[in-house]
1. Restricting to the stretch 158-172, name every residue that is crowded, with 20+ Cβ neighbours inside 10 Å and either out of contact with any Ser or Thr (no Cβ under 6 Å at 6 or more places or on another chain) or at pLDDT below 95 (or both).
2. Just checking, how many residues over the stretch 173-196 are surrounded by fewer than 16 Cβ atoms within 10 Å (Cβ to Cβ), in contact with a helix residue (DSSP H, G or I) (Cβ under 9 Å, 6 or more places away or on another chain) and assigned to a loop (DSSP other than H, G, I, E, B)?
3. Any residue at all in the stretch 227-236 that is surrounded by 15 or more Cβ atoms within 10 Å (Cβ to Cβ), out of contact with any His (no Cβ under 6 Å at 6 or more places or on another chain), within 23 Å of A48 (Cβ to Cβ) and modelled with pLDDT of 95 or more?
4. Sort through V10, V31, V27, V5 and tell me the only one that's part of a helix (DSSP H, G or I) and buried (at least 19 other Cβ atoms within 10 Å of the Cβ).
5. With respect to the numbered conditions (1) in contact with a helix residue (DSSP H, G or I) (Cβ under 6 Å, 6 or more places away or on another chain); (2) closer than 23 Å to D187 by Cβ; (3) among the polar types (S, T, N, Q), which one is the sole condition not fulfilled by N133?
6. Say we look at the stretch 88-100 and pick out the residues that are under 17 Å from the mean Cα position of the chain (by Cα) and assigned to a helix (DSSP H, G or I); which of these is nearest to Q155 (Cα to Cα)?
7. Pull up the stretch 34-72, narrow it to residues that are acidic (D, E) and part of a loop (DSSP other than H, G, I, E, B), then point me to the one that is farthest from S203 (Cα to Cα).
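The values are calculated or read from the model by the stated rules, or taken from the named source; none is laboratory data. Predicted model, so just to flag it, every value in this text is computed and none were measured. Cβ: placed from backbone, ideal geometry, glycine included. Neighbour counts: every protein chain shown.
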Amino acid sequence: MFEGVLTALVTPMRDGALDERAFEELVERQVSGGVDAIVPCGTTGESATLSHAEHRRVVELAVAAARGRIQVIAGTGSNSTREAIELTLHAKEAGADGALLISPYYNKPTQRGIHEHFAEIARATSFPLVVYNIPGRTSSNIEATTMAGLAEIEQIVAVKEASGDIGQVSRLIALAPPDFSVLAGDDLLTLPLLAIGGRGVISTLSNVAPSDMVDVVRAYREGDNERAREAHLRLVPLVEALFCETNPIPVKAALSMMGLIREELRLPLTPLADGYRDGLQRALKELGLL
């Protein structure tokens, strides 16, 4: 159901508020770049510091701006199961195509707790769900056997895998149903995951260079492994520059350098350190983005 290039969209801000016009222009750029979906209100979209009203507004804006041309998978995760259900039901009512839910953070649930969390959301919403596994942010890993069990639930159709453990992802792909989508959660692992049966990527880089990331996935799907490899390697310097500090600090700096948004974040995130700016500008120029 969800595959290809899905952009984890930033949330542009201006003077402390949502910059709705800039957001709509970003969505249009993603459509033009050929991506398959946008994912608003995820980590890259600074969901942790959006109010509930802002969160809902961003989802509604994304659906309206996409106009059915690409899918919208709304970030609706929370470490409160009840809150995640409420946000997911709103995304469903707003017309999104699915929801992305991070594994509960801070609580550090057991594997049983993780399973029950997602199973309850699936029961309560009857909506296509993408599980997000990122142990570096949540302090808990969704093990391959746990994720394979979740994949048996009808509404749970995909996982964004950002554990960085190729062995774990390989075990999951071997265990999960054949129609279950495993999506890379790290841009640099997109091509390796495609090679072992992954279906695509939920990408930060595609905020900046959507068509370039689309080229990687499209070339692989067309069986042109050499072109896919070359496209992947060409993006490595930019990916490294975009993760020189905590995401989404560098990607917002990059989009600002390109004149697409203001470089504005919410505390506790702070603007990109001066020492990283030259490297980011250089990587953008090498791809003809500046």
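1. Result: V159, K160, E161, A162, S163, V169, L172.
2. Summing the residues that are surrounded by fewer than 16 Cβ atoms within 10 Å (Cβ to Cβ), in contact with a helix residue (DSSP H, G or I) (Cβ under 9 Å, 6 or more places away or on another chain) and assigned to a loop (DSSP other than H, G, I, E, B) in the stretch 173-196 gives 2.
3. No, the stretch 227-236 contains no residue that is surrounded by 15 or more Cβ atoms within 10 Å (Cβ to Cβ), out of contact with any His (no Cβ under 6 Å at 6 or more places or on another chain), within 23 Å of A48 (Cβ to Cβ) and modelled with pLDDT of 95 or more.
4. Numbers: V10 fails: part of a helix (DSSP H, G or I); V31 fails: buried (at least 19 other Cβ atoms within 10 Å of the Cβ); V5 fails: part of a helix (DSSP H, G or I).
None of the other options fit; the residue is V27.
5. (1)
6. Going through the stretch 88-100, the residues under 17 Å from the mean Cα position of the chain (by Cα) turn out to be 88, 91, 96-100.
Right, trim to assigned to a helix (DSSP H, G or I) and you get 88, 91.
Details: T88: 12, A91: 15 Å.
Among those that are under 17 Å from the mean Cα position of the chain (by Cα) and assigned to a helix (DSSP H, G or I), it is T88.
7. Looking at the filtered set, the residue picked out is E46.
Okay, residues lined up against (1) in contact (Cβ under 8 Å) with a residue 12 or more places away in the chain; (2) among the small types (G, A, S); (3) buried (at least 17 other Cβ atoms within 10 Å of the Cβ); (4) more than 26 Å from E20 (Cβ to Cβ):
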| position | (1), (2), (3), (4) |
| --- | --- |
| A94 | yes, yes, yes, no |
| H115 | yes, no, yes, yes |
| F118 | yes, no, yes, yes |
| T125 | yes, no, yes, yes |
| A151 | yes, yes, yes, yes |
